[in-house]
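The structure under discussion appears below in the form of structure tokens.
The values are calculated or read from the model by the stated rules, or taken from the named source; none is laboratory data. Note that this is a predicted model, so its numbers are computed, not measured. A quick note on method: Cβ atoms are made from the backbone with ideal geometry, for glycine too, and the neighbour counts reach across all protein chains shown. Side chains are part of the model used for accessible areas, which takes the heavy atoms of the whole protein and leaves out ligands, DNA and RNA. Shrake-Rupley method; radii C 1.70, N 1.55, O 1.52, S 1.80 Å.
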Amino acid sequence: MDRLLNVTTALSFILLVIVLISVRRARIRVEYSVTWLLAAGSMLVLSRARPALEFFRKATGLPDTPLTLFLLAAGVFLILFFRFSVIISHLRDDNIALAQRVAILEYHIQSRKDYEDQ
């Protein structure tokens, strides 16, 4: 079990480093990186805090402490994916509205040019 928790710690640390490097190189926006940093940080803390894992294990009735850790991790990442799905949906809707506004503007510009040519 300790080996699995050590691997989880290493993966959490690697995720933290990747997110920080991505922010520094402007590959990910800061407001999205906060969510990833919180997720990686919580996994790092939980993988090192055995009493917290034991508390969650007893509260959920799960037989294994590592199983509890991965169940919590899965829940955190499901919330992350849902949040990003909502953001992507809003961006898609905004993109459609913007394309429609551009089409209307192009129509008005073309109408004005046709009127001036007469």
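Quick one: helix 50-60 against the long Cα principal axis of the chain, what's the angle to the nearest 10°, folded into 0 to 90? Compared with the principal axis, the helix lies near 80 degrees.
For the stretch 53-118, with all protein chains present and a 1.4 Å probe, just round the carbon and sulfur fraction of the accessible area to a whole percent. It would help to have the intermediate numbers written out before the result.
Numbers: 3540 of 5510 Å².
The nonpolar share, carbon plus sulfur, comes to 64 percent.
When Kirkwood radius over Cα pairs in Å is calculated for this entry, the matching label among (i) 17.8; (ii) 15.8; (iii) 15.0 is (i). Of THR65, THR9, the residue with the largest accessible area leads and the full order is THR9, THR65 (1.4 Å probe).
Modelled spin labels at ALA49 and ILE18, positioned 7 Å past Cα toward Cβ, are 2.4 nm from each other.
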